[in-house]
Structure formats: C-alpha cells, structure tokens
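Okay, structure first, notes after.
Bear in mind these aren't lab numbers, they're just calculated from the coordinates by the rules spelled out. The shown structure was predicted, so the numbers you read here are calculated from the model rather than taken from an experiment. So basically every Cβ, Gly included, is an ideal-geometry build from the backbone, and we count neighbours across all protein chains shown.
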Amino acid sequence: MDNHQKRNLTFLTIGLIFMLSGIEYAVILPTIWRYLQLLEAPPYFLGLGLSAFSLSGLITGPLFGLWSDRCKTTKSIILFSNLFEIAGNFMYFIGYSKWLLLCSRLVAGVGAGAGSSIFGFLTRSTRPEERAGIFAAIMACRQVGLLVGPAFNLFLRLCDFKLGPFVVNKYTSPGIFMCLLWVLLQFVVLAMYWDVPPISSEGGAVMVEMRREEQDDEEEVPLMGSDEEPVHTYRAVSSDQLETSTSSEMQPFQSTSAVSDPFKNFSASREFLREEVVVLLTAQFITLFNQTALETMVTPLTQRYFSFGELGNSLMYSLCGVEVILGFFFVRWLSRKVADRAVLAVGLVICSAACIWCLIFLCNPRGGYGWELTAFIIGVFLQLLGLPFVAVSQVSLFSKVTAEKTQGFSQGVRRSVGGLATILGPLWAGGLTNNLYIMLGMMLALLMMITVMTALSYDRLTEPRAVQCAHNSDSGG
C-alpha cells in the first residue's frame, strides 16, 4: 500500500473519530438532565456536567499537542486518548451517583484533547491550498454525527434490561453504547491509521539532494538559499527551514525528532501574541461563544413563542444539521477558488447580519404566529450559514501563520480558547433567556469587534510571502 492510499485511509479514520464525537454529544445531551434528576442532582449540575467535558479538553489539548510535536506521531496518542473516552462513557453507564456522572464527563473530555494532535497532523500532511477543504470535510463529519445521533436514541430509549449488576435503560444506555463504539474505533485506528510522512518530508529530501548536486560545481551556498531561490518544502511558516531541510536529507521522516527539538528557541509570546494570531484566536473564541449561546437560547425560545415539543425541536435540529453540513461542503468547494481571509470576512458579515436580524425581529416579536416563525427561521438560517465560513477559514489560516514544527501545541492552544468559549457561552445565555436585547447585543458587539480587527489586519491574514514563493516554485517545478 503506497503513501497516498495510507493517507486517504488515515483521513477517513480521522473523519470517523470526529463523527463519533458528534454522535456522543447527540445521544447524551437529550437525556443527561433527566438522568441527573433521577440521581437527585441540583439544577446547576447540568451546567457542571456539560462544562466538565470542555474543561478537561481545554486542559489536555495543549498537552497532547506538545506530545505529538515532540514524538512526531499521532496514532499512539489517539489510541491512548480513546481509552479515556471508553472509561468515561463506562462510568456514565454505571452512574451510581451524581458525582460519578460528573467525573465521567470529566474523564471523557480528556479523550477529546487529542483533537489538537490530529489537527497538527493534518497541517503537516496537507498542502496549504488543499488544507481548508480537508478541514471542512473533517468538521462536516462531526456535524454528520450530530445529525445521526438522535436516530440512535430511537432504539436506545427502548432499552430496559439488566447487564449483570448494571441496569440498562434509556438514561444509562447512551454510556454503554458510546463505550462500545469507542472500543470498535480502537480496532479501526489500529488497522487503518498510519503516521504517514509529512509532505515536506516526502518531497523535501529529494529536492534538497537535487539542489546539492546542482551546487557541486559551484561555490558553497547555504541550503536555505535566498528569497529568490527558496527551499522547496511545504511549511506553515518559513522559520527554521535550514534545520528542516537538513534533517529531511539525512533521515526523511522518523528520525527528525531525534535531530532537533521542535521547541528549541520557541517562545509562546512571540508565537501567539502576533497580530494575525491574536485576530484568529479571537475569531475562534467569539464564534464558539456565540454559537453555544444561541444553542442555549433556542430551546427556551421555541417553547415560549412556538410551543415546540421534543418532536418540533428534534426536527429543527435535524434541519439545522443538514444546513451546516451543506455549508461545510460549500466552503470546501469555495476554498479552492477564494483566499481563506476572504472566506473569513464573508462569514463574519453573514454572522453580523444574522445577529442584527435577531435583535430587530426576535427580541420583541410582533405580528402573527406565521410571521414570528418566519423571522425565527431566517435568523437561525443566517446564523448557521455563516458558521462554516468562519470555522473553516480561521482554522486553515491559523495553521498557516503558526509554525508547522509546533503545530500540535498551537492547535491545542486554539482548541483551548474554543473550549473556554463553549463553557462561557451557555453560562452567559442561560441567565439571559428573558433579556434577549442584552444577550444578543453583547454577541453583536463581539462580532463587530472581530470584524473591525479582521479588516485592520486583513493584509497580515495570509501565509508568509517566503513560504508562498516556495510553494509556487515547487508547483512550477
């Protein structure tokens, strides 16, 4: 099996991992509140349970990223992190007390931290021009999981039997079901996941050797060359190209970590406090803050104004899932023709328009039932329409403006910022469902802020010029 086939099977496995994370969210969320009530948990335990998953992922993401950057492997990290998913979901299934249930989500969230290693791997294994499309497809896989998850609940709610000393009912069955799925995924990872060589390693060693042969008859020239003649290797940023090229020549892939420490001369402040990085991390936070705040707001809103029950909400979420999936695949197509920063700008404009629409028509609804429902549908449609544009473009841009050699750690920091947003968003919206002007006003203010930041930093939201020259030269050769 050649590297191309291994690469495709590996990407398919990554898609399955993200789809399972979506299924887990979709099968556990509908029943966790009632489950906690049966365990005599106070109301605030619902927020604690949902936040615990994000909190542990927030902490472990950078650690898993650091691990993958140092060892240059992700397969073992995924297998290890999945053990936490398996253990966490089994603890959820046991559910003897509210504290065990809380700990189960905390443990399962550790497994989600491996996402930073996966995004780091994807950055090293894709060309910049194809990266946004692959990120879009991977993110769409999670949405597919969110969409098909409720279908599993149709049979899980019928469970009513004993498994040894454990009771299997509609509240505990999601735990054992997800536990089995994560166990099956372990075998899939073992069989179909390869730590394929980075693109820079596949072609870099050959090209450096060709360059050295050309230079044998000339005076000695540094491998790094000049801006007019860059090293032909794919990099997220152009720093440390000499070290990378030399290690590629000596030992194309596996021994790179032995040759150089990716964190040698690394400075977190120098890496993450640059203007373009701050803009993209802010976009990550605001996007997820607004998304989770709206998710928290929607159910009480539909109940208050439209008397939606479980069926109505399920149908609404299904339609929303279809729209988001289609949006991701549209962005996947668009990213081949339009620059990432343009996609980001379009997404921010759409999200701002959605927020303005909701402020005007949803905070103080007037007219009959039909008009109010139409205004609500348009507001939700616009909000979900902008989401894939912003989500995909900021992840793709972030991978290009941060160093490839520490990409796992950088993606961990990015995901931790997002995890913080998913904790704070529901907390903000949960207490303001009766004060929509304040809630939506803050969301719009945040969107206006990141839109202005993006406009002022637009010229910097692109891959470094030296790296673009290297890519163009490589493509031409």
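In this entry, segment 314-411 is assigned a mean projected area of 8.0 nm², taken as a quarter of its C-alpha convex hull surface. May I ask you to derive the FRET efficiency for Leu315 and Met192 from their Cβ-Cβ distance with R0 = 35 Å, giving the value to the nearest 0.05? After rounding, the FRET efficiency stands at 0.50.
The alpha-carbon of Lys337 sits under 26 angstrom from the alpha-carbons of these lysines, leaving out residues fewer than 8 places away in its chain: Lys400.
For Thr299 and Ile378, a Förster radius of 22 Å and the Cβ-Cβ distance give a FRET efficiency of 0.75, rounded to the nearest 0.05.
With the alpha-carbon atoms of segment 1-74 aligned to their principal axes, the span from lowest to highest coordinate is 55, 25, 13 Å, starting with the largest. Ranked from largest, the principal axis spans of the Cα set of segment 363-426 equal 58, 22, 12 Å.
Loop-located trypsin sites (Lys or Arg not before Pro) across segment 302-385 with a Cβ neighbour count of 16 or fewer within 10 Å are Arg336, Lys337, Arg366, with loop assigned by DSSP. Protection proxy ranking, highest mean first, for peptides 168-180, 410-422: 410-422, 168-180, where packing is the per-residue count of other beta-carbon atoms within 10 Å, averaged. Per-residue Karplus couplings for segment 417-425, computed as 6.51 cos²θ - 1.76 cosθ + 1.60 with θ equal to phi - 60°, are listed in order as 4, x, x, 4, 5, 6, 7, 6, x Hz, Gly and Pro entered as x. Does a label point 7 Å from the Cα of Ala151, set along Cα-to-beta-carbon, have any residues of segment 300-341 with amide nitrogen under 20 Å, and which are they? Answer for this model: 311-329. Once the gyration tensor of the Cα atoms in segment 60-101 is diagonalised, the equivalent ellipsoid follows with semi-axes of 29, 11, 4 Å, ordered largest first.
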